[in-house]
Amino acid sequence: MPRKIAAGNWKMHGDGASLAEIDALLDAQPAPGVDIVICPPATLIHRMASHIGARPIAVGGQSCHAAAKGAHTGDIAASMLVEAGATHVILGHSERRADHGESDAMIRAQVETALAAGLNVILCVGETEAQYKAGITQDIVSDQLAQALPQTDMPARITIAYEPVWAIGTGLVPQDHEIAAVHATIRAISLRAFGTAGAEVAILYGGSVKPENAAAIFAIANVDGALVGGASLSAAAFSPIIAALANA
């Protein structure tokens, strides 16, 4: 069975004072069986990893370059994330695709580099509102995975996050049967790509996940956790989501 994963993407939010939210999260009711990952801005990775120490929260980056090193001003290498204390990295997020023009081919190269550096990868896929309304969600997600998901003998280190672009930060969420259909497709693709090991690839849902809807989302087949944006910034909002996952 896949691991249950609650991942928080802090995006361009957070500073040193935000580390108090990590303490509050750790002070909340323990959630056995749930892997918790927080992906803060790059400026906080080392401080957060040091602050957490041996306590049960992993730290991740929000992107990395496909090259191991080089003349890439403003970018960060996978090995730099590891040195800073990260064990995970988010790749292929729709905001990176939109803001930085990252293509599926670029994302595939990033995934390969991240895996080679020893990182666990959270690979994001998802359709835009126009694509959703056109009824081509399945085609878009399948095509993104076909191009961005590499052949690897380390499928256990890959997590796939389905994040419909139109649901991110909008308060909108697909219907349960729509989430179920996409996650079933992702599971089938994982099994084709990795054989029986594809059954162990965690599939997360992301897009306006909050305490009020978390339990219902986690009850859907093949939903192994969530990639949470705004709600992960606050322990008061993120803890109930984690608890709902633990009880799913």
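The values are calculated or read from the model by the stated rules, or taken from the named source; none is laboratory data. Quick caveat, the model's predicted, so the values are computed rather than measured. Every residue, glycine among them, receives a Cβ derived from its backbone with ideal geometry; neighbour counts consider all protein chains shown.
Would you confirm, using the coordinates I've provided, whether residue 46 is under 22 Å from residue 91 (Cα atoms), surrounded by fewer than 20 Cβ atoms within 10 Å (Cβ to Cβ), in contact (Cβ under 8 Å) with a residue 24 or more places away in the chain and in contact with a helix residue (DSSP H, G or I) (Cβ under 6 Å, 6 or more places away or on another chain)?
Here the answer is yes, as residue 46 does meet what is asked.
Looking at region 32-51, which of its residues are of a type outside the set (A, V, I, L, M) and assigned to a strand (DSSP E or B)?
Quick first cut of region 32-51, residues of a type outside the set (A, V, I, L, M) only: 32-33, 35, 39-41, 43, 46-47, 50-51.
Across region 32-51, the qualifying residues are 35, 39.
Starting from region 233-244, take each residue that is touching a residue at least 40 places away in the same chain (Cβ under 8 Å) and over 10 Å from residue 218 (Cβ atoms) and list its partners that are buried (at least 19 other Cβ atoms within 10 Å of the Cβ) and among the aromatic types (Phe, Trp, Tyr), counting only C-beta distances under 8 angstrom and pairs at least six apart or across chains.
Cβ pairs passing all conditions: 233/10.
Would you confirm, using the coordinates I've provided, whether residue 178 is out of contact with any Asp or Glu (no Cβ under 6 Å at 6 or more places or on another chain), within 20 Å of residue 229 (Cβ to Cβ), at pLDDT 95 or above and assigned to a loop (DSSP other than H, G, I, E, B)?
no
Does residue 54 satisfy being surrounded by 15 or more Cβ atoms within 10 Å (Cβ to Cβ), assigned to a loop (DSSP other than H, G, I, E, B) and either under 18 Å from the mean Cα position of the chain (by Cα) or not polar (S, T, N, Q) (or both)?
no
If you scan region 182-204, which residues turn out to be in contact with a Pro (Cβ under 9 Å, 6 or more places away or on another chain) and surrounded by 18 or more Cβ atoms within 10 Å (Cβ to Cβ)?
Answer for region 182-204, where residues must be in contact with a Pro (Cβ under 9 Å, 6 or more places away or on another chain) and surrounded by 18 or more Cβ atoms within 10 Å (Cβ to Cβ): 182, 190, 193, 194, 198, 201, 202, 203.
So, in region 78-98, how many residues would count as being of a type outside the set (S, T, N, Q) and either more than 18 Å from the chain's Cα centre (by Cα) or modelled with pLDDT under 95 (or both)?
Looking only at that region, the number is 3.
Considering only region 1-31, how many residues are in a helix (DSSP H, G or I) and of a type outside the set (Val, Ile, Thr)?
11
What about residue 156, is it more than 17 Å from residue 227 (Cα to Cα), small (Gly, Ala, Ser), modelled with pLDDT under 95 and surrounded by fewer than 20 Cβ atoms within 10 Å (Cβ to Cβ)?
So residue 156 fits the description; yes.
When you scan region 167-199, how many residues do you find that are among the small types (Gly, Ala, Ser), farther than 10 Å from residue 222 by Cβ and in contact with a helix residue (DSSP H, G or I) (Cβ under 6 Å, 6 or more places away or on another chain)?
2
Could you go through region 202-221 and let me know if any residue there is farther than 24 Å from residue 95 by Cβ and touching a strand residue (DSSP E or B) at 6+ places or on another chain (Cβ under 7 Å).
no
Six or more apart or on different chains, Cβ atoms under 6 Å: show the pairs whose first residue is in region 74-96 and more than 16 Å from residue 112 (Cβ to Cβ) and whose second is of a type in the set (A, V, I, L, M, F, W, C) and modelled with pLDDT under 95.
none
I'm told residue 163 meets every condition in (1) of a type in the set (D, E, K, R); (2) more than 17 Å from residue 216 (Cα to Cα); (3) surrounded by 15 or more Cβ atoms within 10 Å (Cβ to Cβ) except one. Can you identify the failing condition by its number?
So the condition that residue 163 fails would be (2).
Would you tally the residues in region 205-248 being surrounded by 20 or more Cβ atoms within 10 Å (Cβ to Cβ) and either modelled with pLDDT under 95 or not in a helix (DSSP H, G or I) (or both)?
Going through region 205-248 one residue at a time, the tally reaches 13.
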